[in-house]
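The numbers here are math on the coordinates, done by the rules we state, and not lab data. Keep in mind that what you see is a predicted model, and the values were worked out from it rather than measured. Counting neighbours? That spans all protein chains shown, and the Cβs are built from the backbone with ideal geometry, glycine included.
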Amino acid sequence: MGAHVAAWIVTFGPVTNGLMVCHHCDNPPCCNPSHLFTGTNADNMADMKAKGRQRSLCGEDNPISKLTAADVGQIRRRIAAGDRQVDIAADFGIIQAHVSRIKRGASWVSATKPPNPEREGIHHGNNTNESEAVGADQ
């Protein structure tokens, strides 16, 4: 039990089942009962987000990431070239499922995606359709 939970219990009584003691002040060692509130983990995360204290650890900002944005670009190019996902994964020291997530856009979304050759030359304007746009580029 943390000191802040003990301070809550001494001041307000037992913590209701399913709730946790959170800090309005966002200072974990703080034991001032007026700085504490009870809530669910979702309440605590919403409080953190509302205060702008949510830290993003995506991509290269994540200290345990094995890949860089450049690696992801290489992976996408190899996928587009038809390389097997298991071979790509082995070359980068990751599992095949992660290569699949990159391919589907479920992981490394912020990394620049290579152009889609099937879509090159197709422009979407207000008064053109795809067949006219493709013909205009030829």
Next on the checklist: 5 Å is the cut-off here: which amide hydrogens, built 1.01 Å from N in the peptide plane, fall below it relative to SER107, excluding neighbours closer than 5 in sequence?
Outcome noted: ILE102
Checklist entry - Computed FRET efficiency, Cβ-Cβ of MET48 and ALA106, R0 22 Å: what is it to the nearest 0.05? => result 0.35
Item to check | In order through the range 88-96: 3J(HN,Hα) via Karplus (6.51 cos²θ - 1.76 cosθ + 1.60), integer Hz, x for Gly, Pro | outcome: 4, 4, 4, 5, 9, x, 10, 8, 4
Item to check | Phi to ³J(HN,Hα) by Karplus 6.51 cos²θ - 1.76 cosθ + 1.60 over the range 39-49, Hz, x for Gly, Pro | outcome: x, 7, 4, 4, 4, 5, 5, 5, 4, 4, 5
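Just to confirm the filter: which trypsin sites (Lys or Arg not before Pro) across the range 1-69 are DSSP coil and have at most 14 other Cβ within 10 angstrom of their Cβ? Working shown, then result.
Working: sites: LYS49, LYS51, ARG53, ARG55, LYS66; in loops: LYS51, ARG53, ARG55, LYS66.
Taking the range 1-69 and a limit of 14 other Cβ atoms within 10 Å, the loop trypsin sites (Lys or Arg not before Pro) found are LYS51, ARG53, ARG55, LYS66.
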Next on the checklist: Can you list residues from other chains, or at least 5 along the same chain, whose modelled amide H is less than 5 Å from the amide H of MET20?
Outcome noted: GLY39, THR40
